[in-house]
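A short worksheet on the structure shown next.
Just so you know, all these numbers are worked out from the coordinates, no wet-lab data involved. None of the values given here were measured: they were computed from a predicted structure. Glycine gets a Cβ as well: all are built from the backbone with ideal geometry, and neighbour counts include every protein chain shown.
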Amino acid sequence: MHGGRNTVIVAMALLAVWLYSGRLLGFRSWEWHQKLVLEVDTPTGTKTGGSTVAIHASTDPKWVPISAADGIRSEVKGEASFVEISPGKYLFATVDSNSPAERAAFTFPAKKGVNAYDQLDAIERVREARTVWRGKYPDLFTFLNNSDPSSVEKVDPNNLEASFGPGVFLKRITLEITNEPVTDGAIGKILAWLPDYYKTQFDGSQGIVYVGKYESPANSLSSGAFKTP
């Protein structure tokens, strides 16, 4: 019994030393869960919907000989927030546009004199919801036919009526740092074909993004924008 307890104590001590040494050398990392919620006014009342994603941010010290050294990079794990505007008609907010970690930093700004590292420390600790600045909105989309990925259309946050009809307005988007688990599976009930479009665009093209007059959401989006692999 004592041997097992001693092993655990030693392991915890080694972990603490490893974490502390990493900070001394300049390696830092942060993790938190954040929930993006869409609020939409409709003729039948306000509709809300959201999902929780996991954020992992990290940095390497200046002495590391890589281009990302001394910069903060982030990864997201989860799926797109969405809200049902009317039966079978959904508004989606992508997970890979306008970096979710950057959105959190703008939504929960640092106090004067606080550096970026301390700001991320604070974001890890906070448990609060705030309104997202419009300039940091994710890209918004809808599907004319939820069974057809090529029917995807971009939605103007300033003009939801163009996509959903009269009386539909985006009220606000909120972001909450939360202890909720990462949302998993909700979007797959609406877009069952997502697993088939991680290596191709929604129009079936592979690795080709058209520009100019030929550009469209269908030939520039893949499933990673709606659910991380």
Exercise for the section: Rank the residues 198, 137 as a footprinting-exposure proxy: fewest other Cβ atoms within 10 Å of their Cβ go first. Expected result: 198, 137
Handout entry: Cα gyration tensor shape of region 142-190, rounded if a/c is under 1.5, else prolate or oblate by comparing a/b with b/c
Key = oblate
Problem - Centroid-to-centroid separation of region 97-168 and region 40-61 [C-alpha atoms, Å] - result: 7
Practice task
Quickly work out the residue 153-to-residue 131 label distance, labels modelled 7 Å from Cα along the C-beta direction, and quote it in nm with one decimal.
Solution key: 2.8
Problem - Burial ordering of 30, 193, fewest other beta-carbon atoms within 10 Å first - result: 193, 30
Exercise for the section: Considering Cα pairs under 8 angstrom that are at least six residues apart, work out the relative contact order of region 125-229 and quote it in whole percent. Expected result: 25
